[in-house]
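The values are calculated or read from the model by the stated rules, or taken from the named source; none is laboratory data. Just so it is clear, the model here is predicted, and its values are computed rather than measured. We place every Cβ from the backbone using ideal geometry, glycine too, and count neighbours over all the protein chains shown. Heads up: the accessible areas ignore ligands, DNA and RNA and are worked out on the full protein's heavy atoms, side chains in. Shrake-Rupley method; radii C 1.70, N 1.55, O 1.52, S 1.80 Å.
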Amino acid sequence: MEELYRQYSQIVYHFLYKKCKDPALAEDLMQETFLKALERLDSYDHSCKLSTWLCQIAKHLLYQHWDKSHRVQLEELDESLRSRQDTEQHAMAKVELADVWDRLKALSPDARKTVELRVLGDLSFREIGDILGRTENWARVTFYRAKLALIQNE
């Protein structure tokens with residue numbers, strides 16, 4: 001396991017950091033990823049690359065962290081919150097963020113994960129497809145449909 005850690009820890013760390021933009025959280029979750037991998041090593045079936053399997057574990061741990069802390073950062077709304085000085089505008093932006101979060105929760109789990117990986121993780125459709133065990137085209141279509149659903153539910 002020590003050799004696996006040496007070989008893949010940076011890949012897992014960068015994967016997590018790209019999604020959460022928090023070095024301490026990425027480090028903690030990377031450590032936890034390898035603990036989970038050690039516990040589940042017998043379930044690795046070689047159907048994908050080991051790095052992909054480790055990143056899937058890391059992704060699930062990150063989602064669990066977000067679910068526990070109810071912390072979702074949609075970059076566009078977050079940027080608008082930081083730039084607004086007026087209290088009323090700040091409050092309106094928070095309401096908009098809560099509204100988007102509610103609409104995201106109404107999406108199917110696959111659509112929600114696709115949107116989170118694309119918007120929060122800044123991942124390509126190919127990377128999203130790899131992580132979710134689907135094709136690049138599936139990820140592209142799922143993101144497009146989710147985006148339409150979010151717009152239509154405004």
Sorted by accessible area (1.4 Å probe), largest first, how do Asp67, Asp99 line up? Asp67, Asp99
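Using 0.36 nm times the number of residues separating Asp99 and Lys49, minus their current alpha carbon distance, what extension gain do you get?
14.2 nm
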How much FRET efficiency would the formula 1/(1 + (r/R0)^6) give for Ile151 and Glu27, where r is the Cβ-Cβ distance and R0 is 41 Å, rounded to 0.05? 0.65
Net charge near Thr142: determine it from the other residues with C-beta under 13 Å of the C-beta of Thr142, scoring Lys and Arg +1 and Asp and Glu -1. +4
Quote the FRET efficiency, to the nearest 0.05, computed for Asp110 versus Ser9 with a Förster distance R0 of 35 Å and r equal to the Cβ-Cβ distance. 0.75
For a protection proxy built on the mean count of beta-carbon atoms within 10 angstrom, sort 140-151, 125-136 highest first, please. 125-136, 140-151
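Work through the residues other than Tyr17 whose Cβ is under 12 Å from its Cβ and net out their charges, Lys, Arg +1 and Asp, Glu -1.
Value of the local net charge: -1.
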